1. Could you identify the single residue in 170, 153 that is part of a helix (DSSP H, G or I) and farther than 24 Å from residue 224 by Cα?
2. Look through 205, 126, 133 and report the one residue that is under 30 Å from residue 52 (Cβ atoms) and without any contact (Cβ under 8 Å) to a residue 24 or more places away in the chain.
3. Yes or no: residue 270 closer than 30 Å to residue 429 by Cα and either surrounded by fewer than 14 Cβ atoms within 10 Å (Cβ to Cβ) or within 37 Å of the chain's Cα centre (by Cα) (or both)?
4. Return the residues of region 409-441 that are in a loop (DSSP other than H, G, I, E, B) and without any contact (Cβ under 8 Å) to a residue 40 or more places away in the chain; say none if nothing qualifies.
5. Scan (1) assigned to a helix (DSSP H, G or I); (2) more than 28 Å from the chain's Cα centre (by Cα) for the single condition residue 178 breaks and write down its number.
6. Closer than 30 Å to residue 50 by Cα, modelled with pLDDT of 90 or more, touching a strand residue (DSSP E or B) at 6+ places or on another chain (Cβ under 8 Å) and surrounded by 10 or more Cβ atoms within 10 Å (Cβ to Cβ), is that true of residue 62?
């Protein structure tokens, strides 16, 4: 009974461990990061703040409204109309409403609203760029994990071959065909291949750890879904970078954001110049007052006092700036400089984008050529290895020469895997700049 109970507990533990293991697809990883990444959440809050800036800027164009109330008490004596001192207690109550609106201030309020709206648009574009960068990083990590997984398969195959070769050497030594010294060489080859497998596994663990950190989740039991890359007839989709650049410069958020900065800087000039203009404001004030004094003869009624102390006041004010220590002049000069800086920044962003695309295109062409060459090399080295294996088994090749051939095959396989994933990432990078969503098939 105890044995059955132990089996049930172990089975439940194994089932729970298996159920907790999450295999991530590329789409799931990207969607999770775009939803949960802390930097993205911070950028989203920044966008919300810029939205509040718009509300505040629009509020400056609306009339202000305030109310006030007061109550006062006084004690003591006073002189009446008959020049007689009398004592009495006085109390008074007042209420008022004030409102004012700026009719004109050189279009400063209007331009401030436009600036706030541009700032909000720019924050949205910055958020989009951040999402793009994170998506590209995830694709890069994902392909790196697949690359390391294939390297492990190659290392495992080579270890299996070296173990079989060790058994073959033992057999040939027992038959007297091979000298006993070759046993040490075969054992050393197995040990070397085991070390390569451990190194390949460490590289995979580090790439999985890096992607888990990028997703900001625990690396425990983290793994990604394997997929086969379709590279039956690899080629570049684009003959040059012109079409890619034209589409990227019209759509990429970093360029749009820099263009908004230019518009914002132009508005900054107008806002700085607005301080040269007079400010026209309209104000309205309503107040009422009533009071009561104990001990005075012929006191007015509460209603009479209330009616007699109402007042309405409408005022129109004009404020003309004359001199403020060159602050306005300096502000306009700074705004003009900021406008030129924004223009240079836009030009620089376009230049950086073109350089990035041209570099990516050159890398993609080189990766394609490397992939084609490495594929041919793998085929040739596989044939050479088969021939060497037969010759070695028949005693026509030394173990040293055989290991040289096998080493060239391993190197060719590694170069081929590297070229394949490098080509895939470079072509996906070009598609990204062209505006094609990132997918791996």
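The values are calculated or read from the model by the stated rules, or taken from the named source; none is laboratory data. From a predicted model like this one, the values you see are computed outputs, not experimental measurements. Cβ: placed from backbone, ideal geometry, glycine included. Neighbour counts: every protein chain shown.
1. On inspection, the qualifying residue turns out to be 170.
2. Just one listed residue meets the conditions, 133.
3. Judged against the criteria, residue 270 is not a match.
4. 436, 437
5. Failed condition: (1).
6. Against the criterion (closer than 30 Å to residue 50 by Cα, modelled with pLDDT of 90 or more, touching a strand residue (DSSP E or B) at 6+ places or on another chain (Cβ under 8 Å) and surrounded by 10 or more Cβ atoms within 10 Å (Cβ to Cβ)), residue 62 qualifies.
Per-residue answers, yes or no, for (1) surrounded by fewer than 18 Cβ atoms within 10 Å (Cβ to Cβ); (2) on the phi > 0 side of the Ramachandran plot; (3) in contact with a helix residue (DSSP H, G or I) (Cβ under 7 Å, 6 or more places away or on another chain):
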{"residue": "348", "(1), (2), (3)": "yes, no, no"}
{"residue": "356", "(1), (2), (3)": "yes, no, no"}
{"residue": "376", "(1), (2), (3)": "yes, no, no"}
{"residue": "387", "(1), (2), (3)": "yes, no, no"}
{"residue": "393", "(1), (2), (3)": "yes, no, yes"}
{"residue": "405", "(1), (2), (3)": "no, no, yes"}
{"residue": "424", "(1), (2), (3)": "no, no, yes"}
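Yes/no per residue for (1) more than 30 Å from the chain's Cα centre (by Cα); (2) outside any helix (DSSP H, G or I); (3) modelled with pLDDT of 90 or more; (4) outside the structural domain of residue 259 (by TED's automatic domain parsing):
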| residue | (1), (2), (3), (4) |
| --- | --- |
| 332 | yes, no, yes, no |
| 336 | yes, no, yes, no |
| 345 | no, no, yes, no |
| 357 | no, no, yes, no |
| 369 | yes, no, yes, no |
| 396 | yes, yes, no, no |
| 402 | yes, no, no, no |
